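Following this message is one structure expressed as C-alpha cells.
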Amino acid sequence: MLCLGIESSCDETAVAVVSEGGLLAERLASQADMHALFGGVVPEIAAREHLSVLPVLCREALAEAGVAPADLNGVAVARGPGLLGCLLVGLSFAKGFCLGTGARLVGVNHLHAHLLAPGLEREMVFPALGLLVSGGHTHLYRMDSPGRFLLLGRTLDDAAGEAFDKVAKRLNFPYPGGRFLDELAREAEPDHDLFPRAYIDNDNLDFSFSGLKTAVVSHVDAHPGLRAARMTGPGEPGGEGGDRAALARVCASFNWAVSDTLRIKAERALDRERGIRALVVAGGVAANSGIRTAMGDLARRRGLELFLPSPRLCTDNAAMVAHAGFLSLSMGRRHGLDLEAVPRGRVVPEDWLQGTD
Ligand code: KG4
Ligand code: ZN
C-alpha cells in the first residue's frame, strides 16, 4: 500500500510518501523565519504560504518516491487540532487529490501522529504511556494500540512549549525560542528552589504551566541584566553587562521545573495504569535535553522501553502523518469527502467510515 501524507496544521508545510517498507520520500518547508518577525505564528500568513508551497512539495515528494498519483492507495491529512485556516488548505488539497485519483482519504489526529512517529524508526510496543509535549499541547495518553488512545491528562492552560517560547521572548531570543533556552540550560546546574513545580499537589494527571511561566518572567523582569537589550541568538545572550552564567542557571532551573513536573505526572500515571510496557515521548518539546534525561531515567527505573523519536520526527512533519494514516487505512478506517477540520481546543472525533471500498 502506498500512502501520501499531508501536514499543514501550523507553520510547517510537509508532504511524505510511505509504503509497507517505511518512508519513501518527504518534503518540508518551514515558515518559522517568516513568523519570527512577528514573534509568533500569524494564521493568515501561514495559510497563504501553505497554499502556495503544497502543490510543489507534493510533486517533488512523489517524483523522489518514483510514485505516480494514480498509484497511491490513500491520502492521509492532518485534520486537527491546529489553526483552522491552515488545516483547511491541507484538507482541500487532500480531498481534491482523492477525487482526482480515486485514492482513499483518511483524516489523521495530529497529536496521535506525533506519538506514533517512533514507529517509523523501530517497532513500537503497547500498551504504552504517551507524553505529547509541543508548542500547543501537553497531553498524557494511555496507548493500547496504534488505533486506541485514551486521554489521561492535559494542560489546563499553557502548553509546555508555549511556556518555553514566552519566557524566551521575554529574554529577547528569536521565536520559537525553546531550543535557545535549552542550549543555554546545558551550561549550568539547575537551582531546584528557584522556580515552583506547579500544580503537582493534587491527585490528577493534568498540567498547568502558566504559573511557572509567570514566575520565570517575573524573575527575569526583576533582574534586567539577564535580558538582552535587543533580539539575539543563543551565541550572544545577556543584556549590556549581561551575566551569561546567571542566565544559564535560570534556563537550567526552568528546564528542570518543567521536566520534573512532567516526570511526576508521568510517574503518577504509571502507578495507576496497568500493564504499561513502554514510554513514548513526542512533539517538538521532546527535543528538550532536560525532558529527554528525565524521561530516560524514568523509563530505566520502571523497566519500560523508551521511544523518543529523533529530533526531525519530534517537530511537525508529514512522515508521521503518512505513517499514522497508513496504520489507519490498514485497520479499514477512512473518511468521506465531508471530512471536517478540527481547530485547537476541540476534541478530534473518531468518525471514520468503516470498510475499504
Ligand atoms: O511539535 P512542534 O514542532 O509544533 C507544534 O505542534 O506545536 O513543537 C514546537 C515547539 C516550540 O514551542 C519550540 O520552542 C519547542 O517545540 N522546542 C523546544 C525545544 N525544541 C523545540 N522547547 C524546549 N527545548 C527544546 N530543545
Ligand atoms: Zn505538532
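For n ≥ 4 DSSP H runs only, could you compute -39500 (n - 2.57) per run for the chain, divide by its residues and tell me the 222 nm figure to the nearest 500? Could you put the intermediate results ahead of the total?
Details: 11 runs with 144 residues, N = 357.
Mean residue ellipticity at 222 nm (helix-derived): -13000 deg cm²/dmol.
Select from Leu87, Gly345, Ala61 the residue farthest towards the positive end of the dipole of the chain; place +1 on Cβ of Lys and Arg, -1 on Cβ of Asp and Glu, and compute about the Cα centre.
Gly345
Right, another one. Please sort through the DSSP H helices of the chain and keep those with an alpha-carbon extent of at least 30 Å along the long axis and a Kyte-Doolittle average not below -0.5. Present the calculation step by step, with values, prior to reporting the outcome.
Details: long enough: 43-65 (31 Å, 0.41); 244-272 (42 Å, -0.05).
Result, helices passing both filters: 43-65, 244-272.
Still on this structure, I have one more. Cα convex hull of the stretch 1-150: how many Å³ per residue?
Details: hull volume 16.5 nm³, N = 150.
Value for the stretch 1-150: 110 Å³ per residue.
While we're looking at this one, here's another question. Using alpha carbon centroids, what distance separates the stretch 1-36 and the stretch 182-200, in Å?
Centre-to-centre distance over Cα atoms comes out at 34 Å.
Radius of gyration and Dmax for the stretch 1-75's Cα atoms, expressed in Å?
13.7, 42
On to the next question. Give me, ordered by chain and number, the residues 5 or more places off Met124 or on other chains with an amide H under 5 Å from its own placed amide H.
none
Also, quick follow-up: Can you sort Val75, Val281 by how many other beta carbons sit within 10 Å, fewest first? All intermediate terms of the calculation are to be shown ahead of the outcome.
Numbers: Val75 26, Val281 29.
If I rank by nearby Cβ atoms, fewest first, I get Val75, Val281.
Please compute the alpha carbon radius of gyration of the chain, then divide it by the globular-protein estimate 2.2 N^0.38 Å. Two decimals is fine.
Dividing the Cα radius of gyration by 2.2 N^0.38 Å gives 1.00.
Let me know the whole percent of all Cα-Cα pairs from the stretch 126-308 that are separated by more than 30 Å.
Considering the stretch 126-308, 19 percent of its Cα-Cα pairs are separated by more than 30 Å.
Hey, another quick one. Considering amide H positions built from the backbone, and no H for Pro or chain starts, which residues 5 or more places from Glu305, or on another chain, come under 5 Å of its amide H?
Counting only residues 5 or more places away or on other chains, the set is Ala278, Leu279.
Readers should treat all values here as calculations from the given coordinates under stated rules, not as data from a laboratory. From a predicted model like this one, the values you see are computed outputs, not experimental measurements. Note: ideal-geometry Cβ built from the backbone for every residue, glycine included; neighbour counts use all protein chains shown.
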